[in-house]
Every structure is written in structure tokens, then in C-alpha cells.
Amino acid sequence: MAEANYPTDLLYHPEHDWARIDPADPQTATLGITWYAQDALGEVVFFDPPAVGTTLVKDEPYAEVESVKAVSDVLAPMSGEIVEVNGDLAADPGAINEDPYGGGWLVKIRLADSSERDALLDAAAYSATLGG
Amino acid sequence: MPVQYAGVRPEHMAVREAAGIFDVSHMGEIETAGPDALALLQRLLSNDVALLPIGGAQYSVLCQEDGGVLDDLFTYRLQADRYLTVTNAVNHERDFAWFQTHAAGFKDVQVTDRLEHYAMLAVQGPRARELVQAIADAPLPARMTAAMRRLGGAQVLICGTGYTGEDGVELLALPHDAPILWDELLRRGAVPAGLAARDTLRMEACFHLYGNDLSTERGPIEAGLGWCCREQTGFIGADAVRAVREAEVAGVGGLSEQRLVAFAIDGPGIARQGNTVIGGGVVSSGTLSPSLGIGIGLAYVPAASATIGTRLEIDVRGKIRPAVVKEKPLYRKGA
């Protein structure tokens, strides 16, 4: 997507990651990077997913996304264990640019502590951190 | 020069498929003139400058006494005893000081810093010549030659050289003429390309980048630049270069030495500068090749591992990625 966009149904980490807590199962969340992050990175050419079962620690890197020119760590907005990875990204990492909140999701996790959501930002607060 | 305009991939592909234009005005120029110009350049530059015809272009390295590389550069012979050498921006001041210091030992040579005198635009790609030719007053100089031409209202030194592995020209123009040329060439279809595309293009073509693949810690033979060294000319560093070359020919002492190789990652992953090659060695340049769609790069590896087809293992931030030593260039036009 060409224009900045921060959906209101997501929670945001100030380091440009999002979490979508599953309304049907509030103990699981889908994670990804924000429009701002993918725009700063440029065209994503490689995503190396961590294995299912990997433990994520809030604020710690759990994966890498690479553009032609740089590699960037992805931080965990919440703690938990990976239950699914987006296998489609191996063939189409550009989905992270084109659809960062949809087809460009990175992993799904089972949350270790759902109260961690209280430390995350809503769309308005996250957008405000990006300035102008 | 920005890292990118529209994005590294479209800029890269524009150069491979049509024409891109780079503003490389940050590059430096040193003019060497006078009856002793040839003698000075022969002392400084690794190639045989006496073989450079008027209007010709020649690549060489500038070495320290120990053979360590101070810079890699193109020299153009503008007139019988007037030469222009293009330096890397990061090395320009050191190069100019080196030229001046050694010029003091010659009777009749003037060395002039021309960095502020020239803006430089590189127009590269299969359509590059056609775009520039359309505004030129005479046929463009052939590959590896240079000539003054009028482009629109501007007097421009046009050089049949580049850093992309494509045909094209480099334009040395007065700074106030350069924006007009830039706009005119864009209007005619050249795509503005930035530093990131310049880097991916030169890596596919296996051209060295000073600071990545060349440094004072490495000699030209190690870097695969023995082809531009003519030790019999007695250039500074020639003895050191000769010693390494002779050891290599004799097959002695060479195996502990490293050589710069081109590699491609076998599978997923992108190696980057500084990644370690298992068993000794280091990646000096690495990227994803936009043309080939795989991780590629240049690495210093033990001479014993430098033959084409050798399998390497590269530690990419804790993941071991298999790679293969490949023939240079990694990307060949029309391949």
C-alpha cells in the first residue's frame, strides 16, 4: 500500500511492530511490522521465519526482514510461543510491503501474558510517535 | 547522491534494461600535467601509463610501498602531457596529498585538485549511449576512450567507462551545466538511480568498492587486480606486488594467502559485509542480486578455496549459509 495506514484494531509497539489479538481466542495474537517499518526498509526481499515453538520475549528480536540494502531485526511486541509462521512469505516477501497488516503477517503466537497488551499503543498514540 | 529514488530494484533494472543516470559528483579528480606527467603517473599508478594513448582510459590501483591499496582509479589522457585521474570520494584528499608529495621529486609536473571543477554524471544501460548521443554534437567516444563533446550548450568530457557492467558513458561537466544535463537526460528517459542500485549493479559486475573490497591492508594480487599491475614500470609498491605474484606462480607460500572471490548463496539468505567465511575468510561485499534473485557477493577466502565451484559456508548472523565460488562477473549482459 502506498499511503501510511494504521488500523485501529491493532496494538502497536513503538519499534514499529503490531499485534492483533484474536477476538475469538484472546490468548493468541498475530504479529507483523507496521506500514512505517516496511516503508523505511524499502522492498523486502527476504524473510527468514523463526521455527514454530520458538519463544518470543517482549521487546527482544525474534526474526529478521531484509531489503536489498539492509537487514533489520523484528522485535516482539508481546511474549509468547510461535504456533504458526507465514509460509507464503518465503515465495513472496514483498507481501510485507504490499499488505503489512494482511498477507504480510509474520507469525502467530500463544501469549505468555496477555496483560502485556496494556503496555502497547493504540493506532492514534502510535501514529503520534511518528510525528508530522 | 541519495541511497535511492524510486527504489533500488526498479532503478537497478532500469540500468540493466534501458538507461539509468547517477549523480556521482562526489567523486574526485586530479589533473597531472607537464613534461614529467607521464613519469610521475608511471611511478604512482600500477598500470603501464606509457601504453595509454591520447584520448584513452586506463584503470589502475595506487599502492603504498608495501603493496597495500590506497585507491583504485581511472585515468584519462586528455592531451599529450595532460592526464585526469578520477578518485574515490573517501580517498580524494589522501590521493591528492600522495600525488603532491611524489610530484616534488619530479622537475616539471603540475598536480591540480579538480574536485570542485567537475560534476560527474554516469549514464548507464543499453540505451544510455543513444540518449546522450541525441544531444551530442559528434559521435560519442568508444568504450575505454574519452573526448570533449558539446551536449546541448555544455562542453563535456565524455568517457566510455562505467561501474555497472553495462554499456554507457560518464560525463564530466562544469558544475553549473550538470543540472541542465541531468534534467534533459531525465526528460529523454534516463531513470535517476541512487547509491543502493550503484552498489547492487557493481556487485553483479564484480567491480571493487574501495573500503569494502580494497584497503591498505590488502594488495592488488589478493584483490584479483594483478591484471592492472605492471611491475616492470617500477611503480610504488611494485616490489611487494611482484613478490606476491611470483610466490603464487611458484605455488609457494600462496596457500595461506587470501584471494577475493565472487560467490552466490546456494539457497535462501543474503550475506553482508563482515560475515565470516567458515574456515577462514570474510565477506567484503554482499547483497541480494536484483537481476539473479539470489544472495551474491565478494569474499576474501584462503587461496586454496578460491577456485570456481568451491563450496563455502558463510556465517550470516549465526545461520550457516552454503555458497559457491562463481566465475566473475556474476551477471553477464544477455546471459
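Here, each number is a calculation from the coordinates, and none is a lab measurement. As the structure is a computational prediction, the values presented were derived from the model and not from experiment. For neighbour counting, all protein chains shown are included, and Cβ atoms are generated from backbone atoms with ideal geometry for every residue, glycine included.
Would you mind classifying chain A by shape? Square roots of the alpha carbon gyration tensor eigenvalues, ordered a ≥ b ≥ c; an a/c under 1.5 is rounded, otherwise it is prolate if a/b is larger than b/c and oblate if not. Taking the square roots of the gyration eigenvalues as a ≥ b ≥ c, chain A is oblate.
When DSSP beta bridges are restricted to pairs lying wholly in chain B, around 95% turn out antiparallel.
Show which lysines lie in cross-link reach of B:Lys107 when reach means a straight Cα distance below 28 angstrom and same-chain residues fewer than eight apart are skipped. Reachable lysines: none. In the structure shown, the pairs A:Lys69/B:Lys328; A:Lys58/B:Lys326; A:Lys108/B:Lys328 are assessed against 32 Å; a Cα-Cα span above that value is assigned to A:Lys58/B:Lys326; A:Lys108/B:Lys328. Result for chain B in a Gaussian network model with C-alpha springs under 10 Å: among B:Gly309, B:Gly219, B:Gly28, the largest mean-square fluctuation is at B:Gly309. Assuming charge only on the beta carbon of Lys and Arg (+1) and of Asp and Glu (-1), the dipole of the stretch A:33-108 about its Cα centre is about 140 debye to the nearest 20.
Think of the protein assembly as shown as a dipole: +1 on every Lys or Arg Cβ, -1 on every Asp or Glu Cβ, centred on the Cα centre; then among B:Ala178, A:Pro49, B:Gln232, B:Gln232 lies furthest on the positive end.
Would chain B count as rounded, prolate or oblate if I go by the C-alpha gyration tensor, calling it rounded below 1.5 in a/c and otherwise prolate when a/b exceeds b/c, oblate otherwise? Note, shape of chain B comes out oblate.
Each stretch of four or more DSSP H residues adds -39500 (n - 2.57); spread over every residue of the protein assembly as shown, this sum gives -5000 deg cm²/dmol at 222 nm. The dipole here belongs to the stretch B:256-329: it is taken about the Cα centre, uses +1 on the Cβ of Lys and Arg and -1 on the Cβ of Asp and Glu, and is about 140 debye. For B:Leu225, what charge total do you get from the other residues with a beta carbon under 15 Å from its beta carbon, if Lys and Arg give +1 and Asp and Glu give -1? Summing Lys and Arg as +1 and Asp and Glu as -1 gives -2. Could you tell me whether the stretch B:256-329 comes out rounded, prolate or oblate from its Cα gyration tensor? Rule is a ≥ b ≥ c as square roots of the eigenvalues, rounded for a/c under 1.5, then prolate if a/b exceeds b/c, otherwise oblate. Cα axes put the stretch B:256-329 in the oblate bin. Here's the picture: charge each Lys and Arg Cβ at +1 and each Asp and Glu Cβ at -1 in the protein assembly as shown, and of A:Val74, B:Leu312, B:Leu52 the one pushed furthest to the positive end of that dipole is B:Leu52.
Between A:Ala40 and B:Arg150, what is the FRET efficiency for a Förster distance of 60 Å, r being their Cβ-Cβ separation, to the nearest 0.05? Step by step, r from the Cβ atoms, then E = 0.90.
Charges were assigned to the Cβ only: +1 to each Lys and Arg, -1 to each Asp and Glu. The resulting dipole of the stretch B:30-189 about its Cα centre is roughly 500 debye.
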